[in-house]
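Input: a single structure, listed below in structure tokens.
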Amino acid sequence: MRFTAAQRLDDGVLEREFTLGEIPGILWTPGSEPAPLILIGHPGGFHKRLPRLVARARHYAAEYGFAAAAIDAPGCGDRPRSAAEEQAGADLRRAKEAGEPIEEILEAFIIPMVEKAVPEWRTTLDAPLQFLLQWDDEGNDRQQVLDLFDTFGAKEKTLHANLGGHTGTPWFEVDGAARFFARHLK
């Protein structure tokens, strides 16, 4: 791991950008002391600076003393994209704008990304795992999400489901997750 930039934020959290091989990421820490690490990801990949992920990471570091890290998924954020990934992304944007069905395009876009990301996350995901599910998520099939939860080999895992759409995860889940992590990591 190589740190490429660092800044102390107004809440006292130290934010450091890093690369791990060719994988870019960000590490938020509460200070200079060692702290249990929480990995924060988004099932659709996206950028490590997705505002709601950054808010959660900073909250865990500032309020609970955890370190939090996020990485860009393959073909997302600052990672290079193959021609096929570029085309799938363009097809997805076009279909959304046109109001066309996106299920097949989304599957062609997400499945290869997940297959590439699995080795990067597998060893860490089989430690303490807390999984959030939005019950009415219009972008993710509920049964597929439940099946994904079943595949994780964590000895301690919990599933929290809330009513609402894709971006409607209630803020109280952040504190609930912190309590889960405190039980298992401190």
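Every number in this text was worked out from the coordinates using simple rules, so none of it is lab data. Quantities reported herein were computed from a predicted structural model and do not represent experimental measurements. Neighbour counts are summed over all protein chains in view; Cβ atoms, including those assigned to glycine, are modelled from backbone coordinates with ideal geometry.
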Inset, instruction - Please verify whether region 108-128 includes one or more residues that are crowded, with 16+ Cβ neighbours inside 10 Å, within 30 Å of ALA6 (Cβ to Cβ) and in contact with a Ser or Thr (Cβ under 8 Å, 6 or more places away or on another chain). - result: no
Inset, instruction - Note down all Cβ pairs under 7 Å where the first residue falls in region 143-169 and is free of Cβ contacts under 8 Å to residues at least 60 places away in the same chain, the second is surrounded by 11 or more Cβ atoms within 10 Å (Cβ to Cβ) and small (Gly, Ala, Ser), and they're at least six residues apart or on different chains. - result: ALA154/ALA127; HIS160/GLY176; HIS166/GLY139
Legend entry - strands (runs of 3 or more DSSP E) enclosed by region 1-102 - at least 2 residues per element that are of a type in the set (D, E, K, R): 2-8, 14-20
Legend entry - Near pairs, Cβ below 6 angstrom, 6+ apart or cross-chain, from region 1-17 (closer than 17 Å to HIS59 by Cα) to any residue that is of a type in the set (A, V, I, L, M) and in a strand (DSSP E or B): ARG8/LEU14; ARG16/ALA6; ARG16/LEU27
